[in-house]
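Reading through the structure tokens given below for one structure.
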Amino acid sequence: MKPETENDLAEVIAAASGPLAVKGGGTRGIAPQGDVLDVSGIRGVSLYEPGALTLVAAAGTPVADVEAALAAEHQRLAFEPMDHRGLMGTSGAPTIGGVIAGNISGPRRIQGGAARDFALGVRFVDGAGNIVKNGGRVMKNVTGYDLVKLMAGSWGTLGVLTEVALKVLPTPETQATLVLQGLNEVDAVRAMAAALGSPFEVSGASHLPEGPDGGPTTMLRVEGFEASVAYRLTQLQMLLSGFGARVERADAASTVRIWADVRDVAAFHGIAGDVWRVSCKPSDGPALAARAQAQGCVFDWAGGLIWLRVSEGTDLRSRLGAFDGHATLVRGTAETRAKVPVFQPEASGVAKLTAGLRARFDPRGILNPGLMGSAA
Amino acid sequence: MEMPKPNSAILARKARVVERLQKVLPRDAVIHDEAETRAYECDALTAYRCPPMVAVLPTSTREVSDVLRICHEEGVPVVPRGSGTSLAGGALPTADCVILGVARMNEVLETDYDNRFIRVQTGRTNLSVTGAVEENGFFYAPDPSSQLACAIAGNIAMNSGGAHCLKYGVTTNNLMGVAMVMMDGEVVEIGGAHLDAGGLDLLGLICGSEGQLGVVTEATLRILHKPEGARPVLMGFDDNEVAGACVSDIIKAGVLPVAIEFMDRPCIEATEAFAHAGYPMCEALLIVEVEGSDAEIDAQLALIMEIARKHDPVELRESKSAEESAAIWLGRKSAFGAMGQINDYMCLDGTIPVSSLPFVLRRIGEMSKEYGLKVGNVFHAGDGNMHPLILFDANKPGDLELCEEFGAEILKLCVEAGGCLTGEHGVGIEKRDLMTVQYAPADLEAQMAVKDVFDPQWLLNPAKVFPLAVSEQRRGTAALAAE
């Protein structure tokens, strides 16, 4: 099923007699059970006001179309959404609706915010076929409950997005990366904490235990006007001199490549194994990574986001034990998925609320059933 | 503004409710004498007053849980209260309710500079959160103008903003986790020292829910290192439209100021008479502030001034020192006080797309003549959040009603222009009955379904946010159960 308007989509959902697998570009590998409901036919940028930093697009609009429209005005999606295709081995065109439905954010999340922070408004069709709007196209809006945040990251389990309104930001004049070689994980996380605790506006902080030349590499990104970027790099270098790392600077072109690789977890592309995404308190990162006994590891968000590659079928959560955060199985074999839940199981009080919301927004339990726990 | 009739069955049980509350709280934390409950009769929307049946001042999550469990069992509505600074009547009691004030819960529970967060009890005031971390160079970014008095609990309930949110975002963008007590007394922990939700984003849902889903007792807040410095530039224009175009050009040029504030002529005149800030007499005044090191600020201001010059400003004044910065901000910060010197005023906070600014200001000017009430406009221009201040005379019969009618028309205009009813103050009772202007029945039904899940009996702050007629059936069920 591939509706081309919001009304058609509402009719399809209202008339559905069984589970629906909601699909945008189909690149993020969630593949729930059910008849495929392809939303990519509902597409197009309907409003873009660069002077107001606002863009409104139908949910099925390819991310590439949105980014092309923005680039023409020297603007961008500041939350830097990951492209999952390389990691998941998928093809197709990621959609802007999929980005918001999955709250897909990249390295700049630590400075600028997540996808959910840039979502100003949504339109969606709930599991009963009702068309609902929430939020709007203005940057400040506290009129009623914030269902925009609720929909962002709900992976289609509460409703199917048909339109999103986004806050966009100017693309800075230039960018550069300070590259520190040879730090162990604990020192790397401490160095990244020092950088983020400075006034120098670091917009990316990643550590690769095995960097491009095999040794540990820590990277800090700075963006802005040329003179300001140079000034802040120098200040950061002085601030971190006590760590005794070898320091290099990567120019704008290399910086673009470096952070696209961090964003898309290029280190794991084409290598077998399950891949987990762990969000944690940054200073807990090194200890958690050690407990994971992973075959591959990438730290982003100054240590607060860890990508882990483990052998197929591993129940990573039992290795990690209890911690402040959550672990999501992003790439897993059918065997792993049958054994462990994709999303972190919630404490009972929270699970009850989640189940209650799903039962109200999707009373028949037909939207991506089984994906994020289940309805009450 | 209509409020539901108090439930006589609940009022008849007052003595028992008080007795049960006294068993779980210290004696001085249960206020039930009619002379004393009057202290809680209103918030900063002072035109509406109603003393509650009881007010309680718990000191811990445990005590809040006990209070809510008892009220749940007794079927008593609960109105949570931070510092009572809501301009929308968010903490306005009903005669049959228990006011749950968090003012005694103001401890800092944990400060973590490496991981850049602070965990506090939510009765702590906004400014004192920054106060707890500033000696280490850190601050908490959302800065509502009531920040000296307003509590984090209220900031979370209303998703408060401030003058600097163009760069740093509003409360929801700076809130990492909460401990929240549900109406039945159950305590839930959501989020924490990590980023983003592992499941549904309940934190984002709770923020801005106006105390209707649960009582947030503890909050984990993101803290940031202060910038090296900040400096504003002041510009005056002979035309609102030109000022609006200048804002748009600044944003398009790739500079992201931390604040862009706008004042119109009536507001400039009132402010000058009151604060003598030395503002130029013109149609529109902008204050644009940028941050960074001295050299970075110089570079950004040079670019901003170059853009401004293309719009023929009547005044262009760059701050060169802390004293000059203070002088530039003086008038803006005195604006509300200045308007208050002239008369009583009502402050609105509708938000519009920045591109609609000239049209909306022109229409407000025309409507001001039609209603015979003066309006001054202060405006967070970067994000489209307006603050029209309508002057009226509270002692003149009918003037408040006329002012409310005018205010409602302005908010409808904001929605028509593609904006919304409220950008940072919240709906409360003030904009409750206008919700149908912005939202269709299915939109409101989806929001009320959320409340059904969190508070099935509609006991928490029940008469707010949704038009009374729209929520009547749901609230009616609770009232029946209480009898």
With respect to the numbered conditions (1) farther than 28 Å from B:Leu234 by Cβ; (2) touching a residue at least 40 places away in the same chain (Cβ under 8 Å); (3) touching a strand residue (DSSP E or B) at 6+ places or on another chain (Cβ under 6 Å), which one is the sole condition not fulfilled by B:Asp455? (3)
Just one listed residue, out of A:Ala347, A:Ala359, A:Ala327, is within 9 Å of chain B (Cβ to nearest Cβ) and in contact with a Ser or Thr (Cβ under 9 Å, 6 or more places away or on another chain), and it is A:Ala327
Failed condition for A:Ala64, given (1) open to solvent by less than 20 Å² (accessible area, probe 1.4 Å); (2) outside any loop (DSSP other than H, G, I, E, B); (3) away from chain B (no Cβ under 14 Å): (1)
The listed residue being open to solvent by less than 10 Å² (accessible area, probe 1.4 Å), under 28 Å from B:Arg332 (Cα atoms), of a type in the set (Gly, Ala, Ser) and not assigned by TED's automatic domain parsing to the domain that holds B:Asn377, out of B:Gly208, B:Gly204: B:Gly208
With respect to A:Val164, determine if the residue is under 27 Å from B:Leu434 (Cα atoms), β-branched (Val, Ile, Thr), touching a residue at least 60 places away in the same chain (Cβ under 8 Å) and more than 9 Å from chain B (Cβ to nearest Cβ). yes
Unique match (being open to solvent by 30 Å² or more (accessible area, probe 1.4 Å) and under 21 Å from the mean Cα position of the chain (by Cα)) among A:Gly102, A:Gly156, A:Gly89: A:Gly89
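Specify the residue that is least open to solvent (accessible area, probe 1.4 Å); the eligible residues are those in region A:1-24 that are in contact with a Ser or Thr (Cβ under 8 Å, 6 or more places away or on another chain) and within 19 Å of A:Arg85 (Cα to Cα).
As a first pass, look at region A:1-24 and keep what is in contact with a Ser or Thr (Cβ under 8 Å, 6 or more places away or on another chain): A:2, A:6, A:9, A:23-24.
Checking the rest, the ones that are also within 19 Å of A:Arg85 (Cα to Cα) come to A:23-24.
Values: A:Lys23: 76, A:Gly24: 23 Å².
Per the criteria, the residue is A:Gly24.
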B:Ser325: passes all of (1) among the polar types (S, T, N, Q); (2) at pLDDT below 95; (3) within 25 Å of the chain's Cα centre (by Cα) but (3)
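Yes or no: A:Pro369 open to solvent by 50 Å² or more (accessible area, probe 1.4 Å) and either more than 7 Å from every other protein chain (Cβ to nearest Cβ) or in a loop (DSSP other than H, G, I, E, B) (or both)?
Criteria not met by A:Pro369.
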Looking only at region A:123-153, and only at residues there that are open to solvent by 20 Å² or more (accessible area, probe 1.4 Å) and within 7 Å of chain B (Cβ to nearest Cβ), the one that is farthest from A:Ala59 (Cα to Cα): A:Asn141
Taking region A:25-50 only, how many residues are modelled with pLDDT of 95 or more, open to solvent by less than 30 Å² (accessible area, probe 1.4 Å) and not in a loop (DSSP other than H, G, I, E, B)? 2
Can you pull out the residues in region B:368-414 that are more than 14 Å from every other protein chain (Cβ to nearest Cβ), in contact with a strand residue (DSSP E or B) (Cβ under 8 Å, 6 or more places away or on another chain) and in a helix (DSSP H, G or I)? B:Ser368, B:Asp399, B:Leu400, B:Leu402, B:Cys403, B:Glu404, B:Phe406, B:Gly407, B:Ile410
Looking only at region B:127-143, decide whether some residue is closer than 16 Å to B:Gln212 by Cα, among the hydrophobic types (A, V, I, L, M, F, W, C) and touching a helix residue (DSSP H, G or I) at 6+ places or on another chain (Cβ under 7 Å). no
Given (1) in contact (Cβ under 8 Å) with a residue 24 or more places away in the chain; (2) surrounded by fewer than 24 Cβ atoms within 10 Å (Cβ to Cβ); (3) within 14 Å of chain A (Cβ to nearest Cβ); (4) closer than 18 Å to B:Pro353 by Cβ, where does B:Gly244 come up short, assuming only one miss? (2)
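The values are calculated or read from the model by the stated rules, or taken from the named source; none is laboratory data. Since the structure is predicted, the reported quantities are computational estimates derived from the model, not experimental observations. FYI the Cβ positions are ideal-geometry reconstructions off the backbone, even for glycines, and counts take in every protein chain you see. To get the accessible areas, we keep the full protein, side chains included, count just its heavy atoms, and leave off ligands, DNA and RNA. Shrake-Rupley method; radii C 1.70, N 1.55, O 1.52, S 1.80 Å.
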